[in-house]
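Some notes on the structure that comes next.
Computed from the coordinates by the stated procedures, all read-outs in this text should not be read as laboratory data. The model shown is predicted, which means the values in this text are computed figures rather than measured ones. Here the Cβ positions follow ideal geometry from the backbone for every residue, glycine too, while neighbour counts run over all protein chains shown.
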Amino acid sequence: MSEASNHGASKMYGMVIDLDKCTGCGACMVACMAENNVPFKEDESDKLKSITWLRLYKLNNGKPFPDVQICYLPRPCMHCGGEGNHGHSPCVSVCPATATDYDLETGIVSQIYTRCFGCRYCMAACPYHARYFNWWDPVWPEGMERYLNPNVSVRMRGVVEKCSFCYHRYQIAKNNAYNNGSREVLEHEYQTACTQACPAGSITFGDLNNPKHEVYKLKQNKNAFRLLEKLKTNPKVYYISKLEWVRKLGDNYRS
Amino acid sequence: MDSLDRAFIPSGAKRCSLFQFTSFISVIGIVFLWGVYAMLLIWIKGLNQTNMNDAYGFALWIWADLAVIALGGGAFFTGLLRYVIGKDELKNIINYAVIIGFICYSSALLILAIDIGQPLRGWFIFWHANVHSMLTEVAFCLSCYFIVLTIEYLPLIFENPQIDKIPFYHKLSHNMHDVMAIFAATGAFLSFFHQGSLGGVSGVMYGRPFAYREGIFIWPWTFFLFTWSAAACGPCFTIALTKLIEKITKKKLVKDNVIDLLAKISGWMLASYTIAKIIDTIYWVYSTLPPQGHKFMDFYSNNSFYGLWILILEVVIGGAVPAFILVSEKLRCNKSYLTIAVILAIIGVSVNRWVMVVQALAIPVLPFESWTFYIPSWQEVATTILPVAYGVILIALSYRYLPIFPQEKELNN
Amino acid sequence: MFPFVFEWVWDMPHMVFMGALWYALSIIGLGMTYCIVKSVIDVSKKETDNHH
């Protein structure tokens, strides 16, 4: 695990997703796939072998018509910090080859594709199913290779991949900030592809530690919750919903 | 050809005809080649040849890996009893235990090499080791212990009548025997850690409440339970295979007192292990699970396969029952009961390994997800049977050409 | 595995883990070296004895 930067306070990038605003349109998923060169197959019917860094879940309150209610829940990687936010994420701590890392400077869990040898221990350890394995080599429809994002490396068969909070955008934003003589990356300078694609403005992204950032305020909403909080994975993705059954479904609340 | 074959057979040992032997090897060889074909398919085409998926990152292979390592535990535990604790009678079964261990561990390494997505990068686990990962500890200790097993197996190969004629190998075999206690102690040390860290693999997954266990320092309770169960059930596997080879060769190869001693020790280990496992389960149900928002029955209901029967099969039928038989002198001296007990113990430890890796992944953790099931592809099955065929061939060759059982001559003349 | 690999840190976990690993490997290595060297000496001694 890398040491925290000495330059300024460490950041903790995270997301707040307002589920009451989400319409389930799937624009975030499409944007994510295009931005991150996520491969797809001709036959995508077996969803357990599809790669979706950001996956949209359709939840319901389990009641029959006319009381049934539906809620869509987008699930990126939670970028868990583990208890105390020291980087003891469920996945990072188990990777035998140091192929996934917790960046104490940004709180982002990275995946080093050229280092991963595909043991899939991280996938077994992740309770959110946020990690995906490349069962095949990527095959792009003819001509599509020209539309791939040059800032993101494509992955080969046999390695694990997952949402990176569009880390390449952070790197670009950091370079720009440095070149412009500014000290810090501003909120609008680093935004993930899904955040920008959401037509309903349901996703908000920023530094959870920075009081100037929108997410800082949103995460304190009384209706904010995180998935499986009881497991103490300490995720960086917060959800907001006024619906109690949605909040309950986010964790194994029994009492 | 026949005389050449005879020159390699240990003196005084009676073996079947060369034709019979080669026919047997050929039949097993077909199964072996089937496995090799599946293995090549997987290496060339990738893991899409399996039925694993993103919910089942660990599946049949990891279970096979954990199971063969547990069953191969007979080698380290018998070695520890023979060389370090000084149970001298066990010298009559140690060679066979070492060969079984060698087969189990080489198989485990082979399965791991097939199981990883990028086999050519397998060495990263050593080179870029993350010392905090249980799997790193497994890889290191497994490889080191495999070297130890090879060292323990070599002197036996040197005892082949033709190799023994070469003075260097004769001396080397003798000298290796002299320092074998050091190797055996190192092997026991390594085994303690890798058997344990295999338990740790599932025990540290705090995102998977079914597998997660609290523990002491960096080690979850599963760390100790896995070592314990391997030491208990490994010797049962050695006994089972001894009975099997005696049946096939129609010869008595090991005296009853040797088997009885091993069975007795194994029985007490299994009895204490079963008690520890029950305590662990109770502690997990009442102390570990509630704060994580789970109830015990969440893991055994709402699905078509995993019910309480699997827990009963593991702990009672595969734990308490064989422990009871093996501890009781009257029962374990009865051949049928002994056979039933060792088979049940093997089933018990294999079910435990299945539960800890495969059931753990079948269970939904997110409240809005449901159980997932998986049926292995033929390629996975073939590559899992491959080590069995390889083991049979190696045991057949070793039995024919090496003096594995020191009591064979005495018992058959 | 080696101190020159870039992710190596001289901390307690590395020293304990790798210390145990290299200790075990040394015992295995030294043990085998002893056996082989002694066997070579034994054989050459025997040959010299035979010549006399």
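The table for this structure:
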{"item": "Taking the C-alpha atoms of region B:177-233, convex hull volume expressed per residue in Å³", "result": "75"}
{"item": "Within 10 Å of each Cβ in B:145-158, the average number of Cβ atoms from other chains", "result": "1"}
{"item": "Spatial separation of Cα centroids for region A:28-106 and region B:197-211, in angstrom", "result": "21"}
{"item": "Contact order normalised by residue count of region B:142-222, Cα under 8 Å, 6+ apart, percent", "result": "24"}
{"item": "Point-to-point label distance, A:Asp43-A:Ile112, nm (Cα→Cβ direction, 7 Å offset)", "result": "3.7"}
{"item": "Backbone N within region B:257-275 under 15 Å of label point (7 Å from B:Glu329 Cα along the Cβ vector)", "result": "B:257-258, B:260-265, B:268"}
{"item": "Chain B, relative contact order [Cα under 8 Å, separation at least 6], %", "result": "28"}
{"item": "Gained length - B:Val381 relative to B:Trp309, 0.36 nm times residue gap less alpha-carbon distance", "result": "23.5 nm"}
{"item": "Estimated FRET transfer efficiency (A:Leu186, A:Met144; beta-carbon r; R0 25 Å; 0.05)", "result": "0.15"}
{"item": "Shielding by partners - mean other protein chain Cβ count within 10 Å, residues of B:112-125", "result": "5"}
{"item": "Set of lysines with alpha-carbon distance to A:Lys174 below 26 Å, sequence-local pairs under 8 removed", "result": "A:Lys11, A:Lys162, A:Lys212, A:Lys217, A:Lys219, A:Lys236"}
{"item": "Volume per residue of the C-alpha convex hull in the protein assembly as shown, rounded to whole Å³", "result": "198"}
{"item": "Residues A:Glu244, A:Glu189, sorted so that the one with the fewest Cβ neighbours within 10 Å comes first", "result": "A:Glu244, A:Glu189"}
{"item": "Computed label-point distance, nm, for sites B:Asp88 and A:Tyr72 using a 7 Å Cα→Cβ extension", "result": "7.9"}
{"item": "Per-residue Cβ neighbour rank within 10 angstrom, fewest leading, B:Thr238, A:Thr192, B:Thr288, B:Thr186", "result": "B:Thr288, B:Thr186, A:Thr192, B:Thr238"}
{"item": "Neighbour-count order for A:Phe65, B:Phe296, B:Phe19, B:Phe210, fewest beta carbons within 10 angstrom listed first", "result": "A:Phe65, B:Phe19, B:Phe296, B:Phe210"}
{"item": "Of the DSSP H helices in chain B, those whose Cα atoms cover at least 20 Å axially and whose Kyte score averages -0.5 or more", "result": "B:18-45, B:91-115, B:134-158, B:180-203, B:221-249, B:256-283, B:335-354, B:378-401"}
{"item": "Range in chain C, longest, excluding exposed chymotrypsin sites (Phe, Trp or Tyr not before Pro) [loop by DSSP; at most 15 other beta-carbon atoms within 10 Å]", "result": "C:11-52"}
{"item": "Paramagnetic reach from B:Thr372 (point 7 Å along Cα→Cβ, amide N under 15 Å) across region B:38-56", "result": "B:48, B:50-56"}
{"item": "B:Ile275-B:Ile30 FRET efficiency (beta carbon distance; Förster radius 51 Å; 0.05 resolution)", "result": "0.70"}
{"item": "In range of the label at B:Gln407: residues from region B:153-181 whose backbone nitrogen is under 17 Å from the point 7 Å along Cα→Cβ", "result": "none"}
{"item": "Structure-based [θ]222 nm, the protein assembly as shown - -39500 (n - 2.57) summed over DSSP H runs of at least 4, per residue, nearest 500", "result": "-16000 deg cm²/dmol"}
{"item": "Rg(Cα) / (2.2 N^0.38 Å) computed for region B:1-81, rounded to two decimals", "result": "1.69"}
{"item": "Span from the region B:277-313 Cα centroid across to the region B:98-130 one, whole angstrom", "result": "32"}
{"item": "Sequence-separation-based contact order of region A:13-249, relative, with Cα cut under 8 Å and 6+ spacing, percent", "result": "29"}
{"item": "When region A:13-249 is reduced to its Cα atoms, the Kirkwood hydrodynamic radius in Å", "result": "18.7"}
{"item": "Length gained when the stretch B:Lys295-B:Phe8 is fully extended (0.36 nm per residue, less Cα-Cα span)", "result": "97.1 nm"}
{"item": "Inter-centroid distance (Cα atoms) of region B:216-268 relative to region B:344-413, Å", "result": "15"}
{"item": "Taking N as its residue count, the alpha carbon Rg of chain C over 2.2 N^0.38 Å", "result": "1.96"}
{"item": "Normalised per residue, the volume of the convex hull around the Cα set of chain B (Å³)", "result": "154"}
{"item": "Cysteines without a disulfide-compatible partner [chain A; Cβ-Cβ under 4.7 Å]", "result": "A:Cys22, A:Cys25, A:Cys32, A:Cys71, A:Cys80, A:Cys95, A:Cys116, A:Cys119, A:Cys126, A:Cys166, A:Cys198"}
